[in-house]
Amino acid sequence: MKKAFITGITGQDGSYLAELLLEKGYEVHGMVRRSSSFNTQRIDHIYQDPHTPGCRLFLHYGDLNDSSSLNLLLKKLRPDEIYNLGAQSHVRVSFDVPEYTGEVTGLGATRLLEAVRELNLADTRIYQASSSEMFGASPPPQNEATPFYPRSPYGCAKVYAYWIGVNYREAYGLHVSNGILFNHESPRRGETFVTRKVTRAASRIKVGLQQKLYLGNLDAKRDWGYAKDYVEAMWLMLQQPRGDDYVVATGEAHSVRELCEAAFGHVGLDYRQHVEIDPRYYRPTEVDHLLGDASKATRQLGWKPRTSFAELIRLMMESDVALAERELRAGAGPAVSRHG
Ligand code: NDP
Ligand code: GDR
């Protein structure tokens, strides 16, 4: 039985990846951070008591900022595959906590790679969650040959993590792959990322739980795909004979404004009557236009996106309308304006 180790298993991608690997018969080990509130909601449905016979999902406390926990876990588990998905992943928040973002999102990758090297895990394959944010201000379309021009502390940390992965591949012959994933979303997306923020608000406005939605830049364009499709690309990268770097994207971009039109339109609302601009959601430096060219992933991995933008918004809206209706029945109060 193959053994996988996932950092960031409690996040959006970690939950879909854990499901995929369990379906494929893997034993899955996830690293979770200690938190004062519950942070395992996204994986509660697949979690089993470790005493259950045949249990294949195990959680371990650890942190990307703590080398000793990484070393001990990898020494004990000796996984076949490592997926490094853990990160401070919010771009705007990275301007508030730039040093911390560099520690977790950047240096965290080095801590993990060093543990693999020190423990001589020569056969372990490593996936690094790289990002289209590394391209930043480089004009679209972006592919593996596009120069990096990050526009945030998060983007800079991801560029560092990308290159340390390439370096360990070249210096020590490790099987490291960078998946340069463009934005991907789902009903499990964190509520401060723009797609989920919009689908949550449109649904709550529809059922009367909220009146307004405050957003930042409506003109930014993103290449939005479905997270469930994208975790398959991660797995495919680690099944190749050698580590390599791949762009994963849909090849179609939409503006935040179009996102609002689609989400509010789904429930028969006009976003212009509900959306207001709050400059606190602007970023000091913005990434204006991301549009990925995933032809290498299609050619070499046989990967293709299966879910269109319209379909993605539909499935997020269906899920959030059902959630808003449950909230209404439970007597939920007005929306809390979150930072993000
Ligand atoms: P999320 O923000 O949903 O999840 C991030 C995960 O990292 C969570 O499990 C979080 O734990 C964990 N984490 C945060 N800090 C630490 C730490 N110090 N040590 C260990 N774990 C930590 O992100 P996504 O699932 O959306 O993204 C997964 C990865 O892919 C991230 O690295 C992200 O930067 C990258 N990426 C994402 C894209 C996207 O569009 N979603 C596109 C390209 C790259 P907790 O639950 O406790 O907060
Ligand atoms: P991004 O995603 O920064 O691309 O990073 P996000 O959804 O946060 O922003 C996308 C675009 O929407 C604009 N925007 C707003 N964004 C947020 N969060 N809140 C708002 O109110 C708002 N109004 C407008 C933003 O300015 C931006 O242009 C995501 C993360 O998942 C990263 O971890 C990942 O690496 C990249 O996608 C690819």
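The values are calculated or read from the model by the stated rules, or taken from the named source; none is laboratory data. Because the structure is a prediction, the values reported are computed rather than measured. Ideal geometry is used to build each Cβ from the backbone, glycine not excepted, and the neighbour counts take in all protein chains shown. Calculation scope for accessible area: heavy atoms of the full protein, side chains included, ligands and nucleic acids excluded. Shrake-Rupley method; radii C 1.70, N 1.55, O 1.52, S 1.80 Å.
At 222 nm, what helix-only mean residue ellipticity would the chain give, in deg cm²/dmol to the nearest 500, using -39500 (n - 2.57) for each DSSP H run of four or more?
The helix-only estimate for the chain comes to -11500 deg cm²/dmol at 222 nm.
For the chain, what is the percent of antiparallel DSSP beta bridges, rounded to the nearest 5?
Once the DSSP bridges in the chain are tallied, antiparallel ones form about 5 percent.
Sort M234, M1 from largest to smallest accessible area, using a 1.4 Å probe on the heavy atoms of the protein chains.
The most accessible residue leads, giving M1, M234.
What whole-number value in Å² describes the accessible area per residue of the chain for a 1.4 Å probe?
Normalised by residue count, the accessible surface of the chain is 44 Å².
Using Cα pairs closer than 8 Å and at least 6 residues apart in sequence, work out the relative contact order for region 29-96, in percent.
Across region 29-96, relative contact order equals 30 percent.
Where the Cα atoms of the chain are projected onto their three principal axes, how long is each span, largest first, in whole Å?
Principal extents (Cα only, largest first): 59, 49, 38 Å.
Taking a virtual spin label 7 Å from the Cα of E103 along the C-beta vector, which residues in region 131-157 bring their backbone nitrogen under 19 Å of it?
So the set is 153-157.
Between E318 and D278, with labels modelled 7 Å along Cα→Cβ, what's the label distance in nm to one decimal, could you check?
3.1 nm
Test of understanding: given the chain, find the longest segment containing no chymotrypsin sites (Phe, Trp or Tyr not before Pro) that are in a DSSP loop and have at most 15 other Cβ atoms within 10 Å.
It works out to 48-281.
Compute the relative contact order of the chain as a whole-number percentage, counting only Cα pairs closer than 8 Å that sit 6 or more residues apart in sequence.
Answer for the chain is 17 percent.
Between helix 12-23 and the chain, what is the angle of the helix's C-alpha long axis to the longest principal axis, kept within 0 to 90° and rounded to the nearest 10?
60 degrees
Which angle from 0 to 90°, rounded to the nearest 10, does the C-alpha axis of helix 309-329 make with the longest principal axis of the chain?
Between helix and principal axis, roughly 70 degrees.
Report the calculated FRET efficiency for T192 and A122 (r = Cβ-Cβ distance, R0 = 56 Å), to the nearest 0.05.
0.90
Between V166 and E327, what length comes free when the chain is fully extended (0.36 nm per residue of separation minus the Cα-Cα distance, one decimal in nm)?
53.3 nm
Name the trypsin sites (Lys or Arg not before Pro) in region 1-54 that are in a loop by DSSP and that have at most 11 other C-beta atoms within 10 Å, would you?
Passing both the DSSP loop test and the Cβ count: K24, R34.
If you fit an axis through the alpha-carbon atoms of helix 227-238 and take the longest principal axis of the Cα set of the chain, what angle between them do you get, 0 to 90°, nearest 10?
20 degrees
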